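Q: Below is a structure I'd like to ask you about.
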Amino acid sequence: MTPFLWGAATSPHQTEGNNLNSDWWELENMEGAILPERSGDALDSYHRYREEMELLAAAGLNAYRFGVEWARIEPEPGQFSLAALAHYRRMIETAMSLGLTPVVTLHHFSNPRWFAAEGAWGRSDAVDLFTRYVERTCDILDGVEWVCTINEPNMLAIMDKVRKLLAGPDGFEALAAGMPGPDEEIGKVLVEVHRAAVDVVRERTDAAVGWTIAQQAFQAAGPEHEEVLRRTNWVWEDLYLEASRGDDFVGSQSYTSQLVGPDGPIPHPASPDNTITGWAYRPDALGIAVRHAWEVTGGVPVLVTENGIATDDDARRIAYTDAALGHLRDAMADGVDVRGYLHWSAVDNYEWGHWAPTFGLIAVDRETFVRTPKPSLAWLGEVARSGRP
Ligand code: BGC
């Protein structure tokens, strides 16, 4: 039995810097940009990845979840960069040499520009194109034990809706009214994409394979809203959790819990307790989320692939995580098979449009790129050294 994974997570676009060929770079840099801040050099992790890995390993963690970037590996359709593949192979080997089990994500929100330009997941050849990319990427996965195909397909299905809204005449007004829910049709395409990717990973590697789902830990605001809750859960996460049946694991990602009323999810009420992202402070979300994943998947082992808090106050990060782990332990005691806990995030990274929400166990000076571990890293390392949660 592999040891319980104790680690932290990042994604390529949020850390590497200069991800020039991706649709996110394009979005950040477009005329009249809608995003307040750009990723730019990010944390220069493309060159400095070893530094964060060394810090995680030295603290006592045994796993690191990171991604490979499709836009770098396949800069033009069908043109694969051997140099980019070699780069990610080096990352995998570096992690292994430091005693960190790599958990490799194949897609984390960003697409190659050429893929997005023709409609991204709405294009008819989306499944074939992603499969071709996964086939090539499997060449560098020798010895990797954990592979996540797509990060948060349910959030991708929201992004797709946003993209369509922005292309329309009243896009900005429509968005000002609030973020839409996931597009169910795109969600179904992503399920197909995932299933095809799972087959490829299984054929070509020995890794356990699954995908990672954003979980809102929804709860009904009153007993009369149970039906809306059921429907909301379906559109937001159960479609994706059900598609995990038969996978080797399901990645659970939760940060907060949200109430559902007659019209669906109720925005988090303003409160001094809210985190920098405006989310309610709810460490119990982790317990709700893993139990829900376990139930809807019909007993697929759960790997916590993200959980954390955007805060400037590291003591609050420790308190949140400590409480969240308590809820995780309770769920495990009740029979949920949990294989590991990967904190989001290893580093203070680019939070999709802005830098203010700091989720990291490690702070990074964005001018000198010096990494400084926070007390929460040593704390989590201590928890890890103590064994199972
Ligand atoms: C994503 C991360 C993101 C985090 C915090 C998840 O939605 O996978 O990329 O930074 O949550 O918002």
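The values are calculated or read from the model by the stated rules, or taken from the named source; none is laboratory data. Since we're looking at a predicted model, the values are computed, not measured. Cβ sites come from the backbone with ideal geometry, for glycine too, and all protein chains shown count toward neighbours. Calculation scope for accessible area: heavy atoms of the full protein, side chains included, ligands and nucleic acids excluded. Shrake-Rupley method; radii C 1.70, N 1.55, O 1.52, S 1.80 Å.
Q: Condition first: farther than 21 Å from GLY67 by Cα, under 18 Å from the mean Cα position of the chain (by Cα) and away from the ligand (no atom under 16 Å from the Cβ). Can you find one or more residues in region 230-240 that meet it?
A: For region 230-240, residues farther than 21 Å from GLY67 by Cα, under 18 Å from the mean Cα position of the chain (by Cα) and away from the ligand (no atom under 16 Å from the Cβ): present.
Matching residues to (1) within 23 Å of THR212 (Cα to Cα); (2) modelled with pLDDT under 95:
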{"site": "PRO3", "(1), (2)": "yes, yes"}
{"site": "PRO12", "(1), (2)": "yes, no"}
{"site": "GLY17", "(1), (2)": "no, no"}
{"site": "GLY40", "(1), (2)": "no, no"}
{"site": "ALA59", "(1), (2)": "no, no"}
{"site": "GLU74", "(1), (2)": "yes, no"}
{"site": "THR105", "(1), (2)": "yes, no"}
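Q: If a residue has to be within 15 Å of the ligand (Cβ to nearest atom) and acidic (Asp, Glu) to count, how many in region 334-356 make the cut?
A: 2
Q: Continuing with the same structure: Considering each of THR358, THR305 in turn, give the residue that is outside any helix (DSSP H, G or I), in contact (Cβ under 8 Å) with a residue 40 or more places away in the chain and open to solvent by 10 Å² or more (accessible area, probe 1.4 Å).
A: One residue alone meets the criteria, THR358.
Q: Within region 134-146, which residues are assigned to a helix (DSSP H, G or I) and surrounded by fewer than 21 Cβ atoms within 10 Å (Cβ to Cβ)?
A: GLU135, ARG136, CYS138
Q: What residue, of VAL162, VAL127, is open to solvent by 10 Å² or more (accessible area, probe 1.4 Å), within 16 Å of the ligand (Cβ to nearest atom), among the β-branched types (Val, Ile, Thr) and in a helix (DSSP H, G or I)?
A: Answer to the selection: VAL162.
Q: For the list (1) part of a loop (DSSP other than H, G, I, E, B); (2) within 30 Å of LEU166 (Cα to Cα); (3) in contact with a helix residue (DSSP H, G or I) (Cβ under 9 Å, 6 or more places away or on another chain), I need the number of the one condition that ASP41 fails.
A: (3)
Q: In region 149-159, is there at least one residue being modelled with pLDDT under 95, in a loop (DSSP other than H, G, I, E, B) and out of contact with any Lys or Arg (no Cβ under 6 Å at 6 or more places or on another chain)?
A: No, every residue in region 149-159 fails to be modelled with pLDDT under 95, in a loop (DSSP other than H, G, I, E, B) and out of contact with any Lys or Arg (no Cβ under 6 Å at 6 or more places or on another chain).
Q: Please work out which residue is farthest from ASN62 (Cα to Cα), limiting yourself to region 88-111 and to residues that are open to solvent by less than 10 Å² (accessible area, probe 1.4 Å) and more than 16 Å from the ligand (Cβ to nearest atom).
A: TYR88
Q: In addition: Among the numbered criteria (1) within 16 Å of the ligand (Cβ to nearest atom); (2) assigned to a helix (DSSP H, G or I); (3) farther than 30 Å from THR2 by Cβ, which one does PRO36 miss?
A: The one condition PRO36 does not meet is (2).
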